[in-house]
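> Once you've had a glance at the structure underneath, I'll fire off some questions.
Here, each number is a calculation from the coordinates, and none is a lab measurement. Predicted model only: the values in this text are computed from it and were never measured. FYI the Cβ positions are ideal-geometry reconstructions off the backbone, even for glycines, and counts take in every protein chain you see.
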Amino acid sequence: MKKYLLRAIEMYTICTDKTDVWHNGRFLEEWADEEIVRELKLCFAHYDKEDMISALKSTYELFGRLAKKVAGHCGYPYPDEADIYTSEYLRQNLFSAT
């Protein structure tokens, strides 16, 4: 999942800032938006259930926000129905467990 999040961060940065991004996220803290870097820290977990669920939620929310902005910028429709289904599934099966 993290490689898709990285790709979303790269695409968002290219679309919004016209900034050159480095291969495989190298020096991400230098070219990515400060808010994204701050939120990204919440997307990685220690080895316990609650922390993993929290990291998954942070990853899901950051990816969704960036993907919606990139889709809008590029003129692509965002798959809202799939996002609603996924959100509901995660809420019922994981997020309510914390």
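> Compute the FRET efficiency between THR86 and LYS18 as 1/(1 + (r/R0)^6), taking r as their Cβ-Cβ distance and R0 = 41 Å, and round to the nearest 0.05.
Calculated value: 0.85.
> Which of ALA82, ALA67, ALA45 moves the most in a Gaussian network model of the chain with Cα springs under 10 Å?
ALA82
> Would you mind checking the tilt of helix 2-17 against the longest principal axis of the Cα atoms of the chain, expressed as 0 to 90 degrees and rounded to 10?
40 degrees
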